[in-house]
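Have a look at the structure below, then the notes.
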Amino acid sequence: MEYKVRRSDTTVRGIIVFDSTSTVTLSPTNFHGVPKYEGCCVYIGTPQKKEYFLCAETPSAARAWVSTLHATQLVLQAHKQAVDSLGGNGSSKLGTVATVVAVANATAIEASKEETLRVKDDELHQLLQDIRARDSTIREITDKLQETAEAAETAASAAHAIDEARRFLSSELECLKQDQENQVELSLLRLRESEEKAKLLAEEREHLLKERDSALQEAQMWRFELGKARGNAVILEAAVVRAEEKARVSAADADMRIKEAVSKLDSAAKEKQELLALVDALQSQIQRQEASTKLICEERSELCSSSKHMDMDNDNVDKACLSDTDLIPVAENIVELDDEGVDIRTIGDTEWENPHSSEVSDVREVSTEAEENSLDIPVDSQPVAEDTFQG
């Protein structure tokens, strides 16, 4: 079976090859997807395992195609049987084969005729439905024409009434024309007054435009000044931020210095307590030395007094005794403290008699290395100050 794109084409688009074993049936699938093609599709399955889907114009035409193809399959089957009979038994069964082929052809023709009659019957039914639809349409048109005639009569009566109304309105129109002329004169007067007012308004408008221009210029100037002020404000804000940052830094520095000063003050207080303890120890040592010195002086005075009773003939001995009677100044060490360390100077016995003469001039800081390495105390021969605290 050949198929083309259009009936008028001379070239064949393709060929569908099928035999008596091929499947030919109506397809339940509407591959077009259009509702009018429901039941119009034909499916053909060939021995080459190819499938074809064809679409007829109507369902009856599709059934006619299927019947015709089935008849063709019967003819093909009869021919095949005839060929098989000729190949197997020679010409003995030629009449039988011819009879079978004739029967098959007749069956195909009858099937095609019956299907053609069915198609024609369907077409007649469709034509009858169209005629009925046209009759209903004609009836509707007749009803509409009757309604139109009635409307025309109504329109004629309405036209007569309109003519009477027109006459009445013409008289009214003349009156209105007179009134309109009077109103036109009044409107001309009002127009002249409005023109004068428009001139005044135009002058006022020009004056307002000038004032607006001056106001815009002033606003532009103020905007420029505002921009400058904003710039200055930004600069001042930046300066304030820097000042605040400096204040924070200085406050942090001051806090750190205060902490350092407090720590130094604590260390100084601790050192002062240590030095006071050292001074107390030195004073106790000096008192012990003073007591021992007084004992030695008393022993010497007793020795000198006993030596006076010895033989005065010996001049050397007498001179020695006389020289011993003089008080031997005993050099004692007193510790004076200042801010830098401990000072020791030598004083005589006369100063021991006056306890107020031995005062601590100043206190000096003693380094820790000196305390760790040696027990020596540096000696300072500075003069004694009267305003220092007593030891």
Area of W65 that stays accessible when all protein chains are in place (1.4 Å probe, Å², to 10): 130 Å²
Label-point separation in nm, K4 to S20, each point 7 Å along Cα→Cβ: 3.2 nm
Estimated inter-spin distance, K120 and I141, nm [label 7 Å along Cα→Cβ]: 3.1 nm
Solvent-accessible heavy-atom area per residue, rounded to whole Å², over segment 1-91 at 1.4 Å: 67 Å²
Candidate residues C55, C304: accessible-area rank, largest first, probe 1.4 Å: C55, C304
Burial ranking of peptide ranges 129-136, 56-63 (average Cβ count within 10 Å, highest at the top): 56-63, 129-136
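Where does segment 130-268 land on Rg(C-alpha)/(2.2 N^0.38 Å)? Don't jump to the answer; show the numbers that get you there.
Working: Rg = 47.5 Å, N = 139, 2.2 N^0.38 = 14.3 Å.
Computed over Cα atoms of segment 130-268, the ratio equals 3.31.
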Reach of K270 by Cα under 21 Å, taken over lysines that are not fewer than 8 positions away in the same chain: K259
1.4 Å probe accessible area per residue over segment 179-233, in Å²: 97 Å²
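The values are calculated or read from the model by the stated rules, or taken from the named source; none is laboratory data. Computed from a predicted model, the values in this text were never measured in an experiment. Reconstructed Cβ throughout: ideal geometry from the backbone, glycine too, with neighbour counts over all protein chains shown. Just the protein is used for accessible areas: all its heavy atoms, side chains included, with ligands, DNA and RNA removed. Shrake-Rupley method; radii C 1.70, N 1.55, O 1.52, S 1.80 Å.
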